[in-house]
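Data block below; observations after.
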Amino acid sequence: GAILIDNFDLRAVSEASLRKSSVLVTQETFLFNTTIRDNLLLDNVQATEEDMIEAAKQANIHHLIESWPEQYETPVHHEGGSLSGGERQRLSLARALLRNPGILLLDEVTSALDPATESDINELLLRLRRRMTIISVTHRLASVVNADRIFVFKEGRVVESGTHQELLGLQGLYSSL
């Protein structure tokens, strides 16, 4: 088999090119012990103040940041330990969006979040899916019901694939979840 991205075989694409066009957000977010602004911008020299604020708005964290006394200059302590899990995850998503990737890779991004935050992030992903390819690894059914294609794995192999409705109709492993 082959994995194609825009009709290019992944084996023929350079690692540098793939890394440039994709961004990974994991459940274990990492923030630096610096300001919110620095954590969002990192080395993204092309990003403007307006870009940063727009990404924060999309990730539904801007209004919270604005409510803090130091706003975007608020320091982050203990690699993000001074923030809630949902706040860290939203900052990580805003940082990813600021890079405007063609491919957004998500690894269990909602697994440790409360239901309201998970719902907000799932709504964000619904809005983003028209702008970029989103590949999400998750065990949370709420995070996949609107996916264009779901792949169900068992013991390292794909055993089913389809939309949520198609997979429910198969009455297989997915529907038993």
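The values are calculated or read from the model by the stated rules, or taken from the named source; none is laboratory data. Predicted model, so just to flag it, every value in this text is computed and none were measured. Cβ coordinates were reconstructed from backbone atoms using ideal geometry, including for glycine residues, and neighbour counts include every protein chain displayed. Note: areas computed on protein heavy atoms with side chains; ligands, DNA, RNA excluded. Shrake-Rupley method; radii C 1.70, N 1.55, O 1.52, S 1.80 Å.
From the list 88, 11, exactly one residue is basic (Lys, Arg), open to solvent by 20 Å² or more (accessible area, probe 1.4 Å), under 18 Å from residue 138 (Cβ atoms) and free of Cβ contacts under 8 Å to residues at least 60 places away in the same chain. Which is it?
88
Residues that are out of contact with any helix residue (DSSP H, G or I) (no Cβ under 9 Å at 6 or more places or on another chain), polar (S, T, N, Q) and either without any contact (Cβ under 8 Å) to a residue 12 or more places away in the chain or farther than 19 Å from residue 118 by Cα (or both) within region 138-177 comprise 163, 165, 171, 176, listed in sequence order.
Going by what's in this entry, would residue 104 be described as at pLDDT below 85 and either charged (D, E, K, R) or within 16 Å of the chain's Cα centre (by Cα) (or both)? In short, no.
How many residues does region 135-161 contain that are assigned to a strand (DSSP E or B) and more than 21 Å from the chain's Cα centre (by Cα)?
We begin by selecting, within region 135-161, every residue assigned to a strand (DSSP E or B); these are 135-137, 150-154, 157-161.
Filter once more, so that each one left must be more than 21 Å from the chain's Cα centre (by Cα): 154, 157-161.
So the answer is 6.
Of all residues in region 8-52, those satisfying the criterion of being farther than 13 Å from residue 90 by Cα, among the β-branched types (Val, Ile, Thr) and over 16 Å from the mean Cα position of the chain (by Cα) are 13, 34, 35, 45, 48. Annotation: of all residues in region 33-78 being among the polar types (S, T, N, Q) and more than 26 Å from residue 122 (Cβ to Cβ), the one that is surrounded by the fewest Cβ atoms within 10 Å (Cβ to Cβ) is 46.
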